[in-house]
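Here's the structure we're looking at; comments come further down.
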Amino acid sequence: MGKKKSRGSWIKNCTAGGCRNFIDTFWMNPQFRIVLEDVDDDDDDDLCTVIVALMQKNRRCKRQMGQECLTIGFAVYALKNPDRLPKPLPKVFFQHNASVARSNTFINLREVSCRFKLPQGTYCIIPSTFDPGDEGDFVLRVFTEKRNNMTEYDEEIGLTQPDEEVQVQETEGRQRTKK
């Protein structure tokens with residue numbers, strides 16, 4: 001069995017884009033790429049069983065402070081030619097592509113999960129709150145009969161080495177930069 005787990009956050013004006021109803025901000029939600037390489041053993045339908053579970057973190061302690069669970073759900077999109085697509089997927093992608101699977105409903109429960117049968121391929125899972133701007137932390141778990149590869153679908157960032165060394169010298173209370 002393949003099991004993958006990722007953690008993420010919905011942050012207002014950053015990664016809390018709301019559900020697909022809010023097309024202008026939906027693309028801002030965290031995006032997770034999953035590759036289904038092998039079909040199930042005992043099925044004649046040549047499909048892959050996938051269970052997606054989205055759980056809100058720390059909601060029990062927030063409930064004690066008077067905050068209820070967020071209304072959450074997720075959508076799954078097929079990625080044709082995934083190596084040619086930008087990371088993360090932009091708004092225009094969602095304007096022209098429908099989800100191939102999604103949670104049954106957006107609901108204010110601690111966890112939402114669904115089971116799907118999908119063809120081999122590459123997919124993008126978008127966990128979201130119903131309303132844009134709702135903040136919270138989540139855990140996304142994906143279970144498959146065969147192994148799967150799930151990664152956050154985002155730009156890779158990193159630090160580069162400076163082109164030249166800069167030295168700062170202090171003389172008589174003034175700084176002088178030397179390359």
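The values are calculated or read from the model by the stated rules, or taken from the named source; none is laboratory data. Note that the structure is predicted; figures quoted are calculated from it, not measured. Here Cβ is always computed from backbone atoms with ideal geometry, including for glycine, and neighbour counts include all displayed protein chains.
Against the conditions (1) in a strand (DSSP E or B); (2) surrounded by fewer than 16 Cβ atoms within 10 Å (Cβ to Cβ); (3) among the hydrophobic types (A, V, I, L, M, F, W, C), A98 satisfies every one except (1). Is it the case, given these coordinates, that F74 is at pLDDT 95 or above and surrounded by fewer than 19 Cβ atoms within 10 Å (Cβ to Cβ)? In short, no. Of S103, S128, S113, all but one fail to be polar (S, T, N, Q), touching a helix residue (DSSP H, G or I) at 6+ places or on another chain (Cβ under 9 Å) and modelled with pLDDT of 95 or more; the exception is S128.
Yes/no matrix, rows are residues, columns are (1) closer than 22 Å to N148 by Cβ; (2) touching a residue at least 60 places away in the same chain (Cβ under 8 Å):
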residue	(1), (2)
F32	yes, yes
D44	yes, no
N58	no, yes
M65	no, no
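The residues on offer are D46, D131, D83, D137, and the sole one that is within 13 Å of the chain's Cα centre (by Cα) and charged (D, E, K, R) is D137.
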